Each structure stands twice: as C-alpha cells, then as structure tokens.
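The values are calculated or read from the model by the stated rules, or taken from the named source; none is laboratory data. Everything numeric here is computed off the predicted structure, so don't read it as measured data. Methodologically, a virtual Cβ is constructed for each residue, glycine included, from the backbone with ideal geometry; neighbour enumeration extends over all protein chains shown.
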Amino acid sequence: MSDTADQTVVVPESGAGRSDMIVLEGVEKIYPGSTQPAVSQLDLAIAQGDIVMLIGPSGCGKTTTLKMINRLIEPTAGRILLDGKDVTHVNGDQLRRQIGYVIQQGGLFPHFSIADNIGVVPKMLGWDKQRIKERADELLHLVGLEPSTFRDRYPRQLSGGQQQRIGVARALAADPPVMLMDEPFGAIDPITRDRLQDEFLEIQRTVGKTIAFVTHDLQEAVKLGDKIAVFATGRLEQYADPDTILTRPANDFVSDFVGGGAAVRRLSLVELAHLELHPIETDEKAADSRNGVAVAEVDGSGKPVSWRHLPGADAAGTPLVTVPISGSVYDAVDVMLDGSASLVAVVDDEGRAQGVLHWNDLVGGLRTRKGDA
Ligand SMILES: Nc1ncnc2c1ncn2[C@@H]1O[C@H](COP(=O)(O)OP(=O)(O)OP(=O)(O)O)[C@@H](O)[C@H]1O
C-alpha cells in the first residue's frame, strides 16, 4: 500500500518466554461493493496472555478486525496466525470452537437454559453430558453465580450484568486459548460495568487467556488493556501500553482521540498496593503511644467503621470510607469524592485496614511516578 510509509505499526516485544498467540500480517478487508478498505494492511501481534484493547471512532474497523480473527468475516488479503499456525484458510467452524467469543448483551440463546447456553461448544465437541454439567457449574462459580440458582434459568430471567457473566462463562467453556470480546460491557450501566470489569480482570488472573477486546470506552481500554491498539478509519495509528498511549501519543490523531484528561485516566494505572500508605492503627491502646497515627474504630470482624483519631483533623467530622488494596488510585479518588471524604482507609481482601491515603498525597504520588517514567 502506498500510504503506509508514515503508518506506525509497532509490533510489541513479547515478554521473556512468551510467544505471540495472535498475529495478523498485512490483513485487509474490502467489503463487496465498497472501494475503500474497512481494514487496510493491518499488522498486529498479540502476545500470549495479553489483553489487547481495540479502540477508535465508530466505523474504523474494530469489529471487522475482531471477526477476521475467528473468520466470521473473511479477509480479502493477508495472513492470520494462531499460536504460530496459519489459520487463514482452515475450516471456519472448527476454528471458532477454539476461540471464545463474547458479544454485547451476552448473545445468549433465549430458548436454552443457562447450563445449555454454557454447554454449547462442549456439546459440539462431543463432551459427555456429565462433563458438560460439571463444567457449567464450575464456570458459574467462576463468574460469581450460584449454580443451583442459575443453571436451570433462562436468559430472560437474568439481569443484563448476569447475562454478560454467562456470555463470558460460555466463551470459556471449552477452555480456548484465545478470547474475542466485542464491547461485552457496552450495554451495561456504569456501576455494574465497573464491577464486571473488576471481575473480568480477576477471572483473567486465573485463566490467563489471550484476549482481543473491542471497546468504545478509553477508560475501559486503560483499565483492562495490557496494550491498546488505536484505529483510525481502516488503519492502526498506535499500538502500545496504556501509559504510552496516554503520555506519548504517536501522532495528532491519537492525541485528539485520547483528548484531555490523560492525567486523570492514568490514575487507574497506579495500583494502591504499590504506594507507600500512611499508617493506620486499630488498637486504641497501642495508638496512645504513637503520635501522628490515624486510629480507626473496628467492628467485630476487625473492619474499620469510623475514625477515632486523625492527626490534624476532626475525626468526628470525617466519614470513614474504604477502598480495596487491589484497586487503583482512580478507585480511591472515586470513593473519596463519592463519600465527601478527604482520606480513605485502604483495606485487604478481608476488609482489614492496611493504611491510609490522603487527598493531598495524590499529587505527590503521581509526581513520583512521572519522575520514574
Ligand atoms: N457487512 C458489511 N458490508 C459492507 N460494509 C460493512 C459491513 N460491515 C461493516 N462495514 C463497514 O466497514 C467499516 C468498518 O465497520 P466496523 O463494524 O468494523 O467498524 P467499528 O469500528 O467496529 O464500528 P463501531 O464502533 O461503530 O461498531 C464501516 O465503514 C462499515 O460501514
């Protein structure tokens, strides 16, 4: 293609010992009757275990790209390799059994029970009934839905968020190495979406799939992506990790697309577990001998419920809000703004206090990271 000279296509370096699981080489799609390619000369390599977010304006070719990977759409030119094997011309039906696919609103079969929806691919693969049933229950557990409550229901008896969880479970059923996700959380309200994203990351920690994920939402791309591929009409403008996309956009298009607010978006890349937190004390007696330490009142299970003492502030007038240490600074800011609190208690998985983050720390914390970069 003549216009590719200035096209920045950065093939990511694979981590040590990791190979590229999905490789697109010179892939192109020209729809019948169209003169312009919907996707043009696309080179993209996705390393094993990575989540790559495909983002860009409406009509730029994200869904076309995704569907070429599982050959729901046939490329007009180029090669697609899965785990090193050229799959450009293998049987499409067989290929799709090895690739999980999740679409908006789950795409569940309305007349199939939840267990049967999850079991669609295993059934096609000839698994026996008992194995399919056990797998459905295992996956319901994994996506946080109680099997005895949900396995015999029908999709219409589930909320949008629950249907989306089933969509993920169904895609994982035959344990495919690769998952394609087309705006899976697009039709979900923001609070549920946030929770589904957290659960999705948690599941990914367990299953370690290689994932191509289409989204419209830059915040979602930054939160979930190991890498982000930014598309303009039919072509890839930048392919890099979220921090690079936000801080070093490759060109004006990416810069305009990212827009303002990059500093706020970067907050979701700073993990609370990596910050030095202020100490918190929950034992009043121990705290008596230590000045300058926040002291929280705890309930019977050791979870902080209110402030007893705050250095330099009125403990009685300050609400105690908490954020899990697995979260990001973005989550901490969200909790503080939501609770009108100038500080937040960071808690572990059991809800026990680990430390305190102050509103005033935020600027300092980010400055440190910027200095590192
Ligand atoms: N079946 C089709 N026949 C002809 N043109 C198509 C077909 N499907 C998509 N297109 C065109 O190809 C281009 C890319 O579409 P695609 O759906 O891949 O974009 P997208 O980035 O996923 O868009 P959106 O964000 O709006 O979902 C668009 O111009 C679209 O009109």
Could you please let me know if LEU201 is closer than 23 Å to ILE99 by Cβ and either more than 12 Å from the ligand (Cβ to nearest atom) or surrounded by fewer than 21 Cβ atoms within 10 Å (Cβ to Cβ) (or both)?
-> yes
Examine segment 223-232 for a residue that is touching an Asp or Glu at 6+ places or on another chain (Cβ under 6 Å) and away from the ligand (no atom under 16 Å from the Cβ), and state whether such a residue exists.
-> yes
Which is of a type in the set (A, V, I, L, M, F, W, C) and surrounded by fewer than 17 Cβ atoms within 10 Å (Cβ to Cβ), of ALA296, ALA229, ALA262?
-> ALA262
Could you grab me the full set of residues in segment 48-71 that are surrounded by fewer than 20 Cβ atoms within 10 Å (Cβ to Cβ), on the phi < 0 side of the Ramachandran plot and more than 14 Å from the ligand (Cβ to nearest atom)?
-> GLN48
What are the residue pairs meeting all of these: first residue in segment 61-76, first residue under 12 Å from GLY92 (Cα atoms), second residue away from the ligand (no atom under 11 Å from the Cβ) and of a type in the set (D, E, K, R), Cβ atoms under 6 Å, and 6 or more apart or on different chains?
-> ASN70/ARG96
Kindly state which helices (runs of 4 or more DSSP H) lie completely within segment 54-128 and contain at least 3 residues that are assigned by TED's automatic domain parsing to the domain that holds LEU196.
-> 62-69, 92-97
For segment 298-316, does any single residue satisfy the condition of being acidic (Asp, Glu) and more than 30 Å from LEU218 (Cα to Cα)?
-> yes
Could you tell me which numbered condition LYS129 fails, if it satisfies all but one of (1) within 16 Å of the ligand (Cβ to nearest atom); (2) over 21 Å from MET181 (Cβ atoms)?
-> (1)
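Determine which member of the set ILE245, ILE211 is away from the ligand (no atom under 16 Å from the Cβ), crowded, with 17+ Cβ neighbours inside 10 Å and over 15 Å from the mean Cα position of the chain (by Cα).
The match here is ILE245.
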Among ARG308, ARG352, ARG265, ARG248, which is farther than 28 Å from ARG195 by Cβ and in contact (Cβ under 8 Å) with a residue 24 or more places away in the chain?
-> ARG308
Which of the following residues is surrounded by 13 or more Cβ atoms within 10 Å (Cβ to Cβ), over 24 Å from the mean Cα position of the chain (by Cα) and modelled with pLDDT of 90 or more: VAL356, VAL347, VAL323, VAL335?
-> VAL356
Enumeration of residues in segment 193-226 that are of a type in the set (Asp, Glu), closer than 16 Å to ARG266 by Cα and in a helix (DSSP H, G or I) | GLU220
Specify which of the listed residues (LEU218, LEU196, LEU180) is within 16 Å of the ligand (Cβ to nearest atom), aliphatic (A, V, I, L, M), more than 23 Å from GLY259 (Cβ to Cβ) and touching a residue at least 24 places away in the same chain (Cβ under 8 Å).
-> LEU180
Look through ALA263, ALA250 and report the one residue that is in the same structural domain as LEU201 (by TED's automatic domain parsing) and in a helix (DSSP H, G or I).
-> ALA263
Scan segment 150-170 and give yes if some residue there is surrounded by fewer than 20 Cβ atoms within 10 Å (Cβ to Cβ), in the same structural domain as LYS62 (by TED's automatic domain parsing), more than 16 Å from the ligand (Cβ to nearest atom) and outside any helix (DSSP H, G or I), otherwise no.
-> no
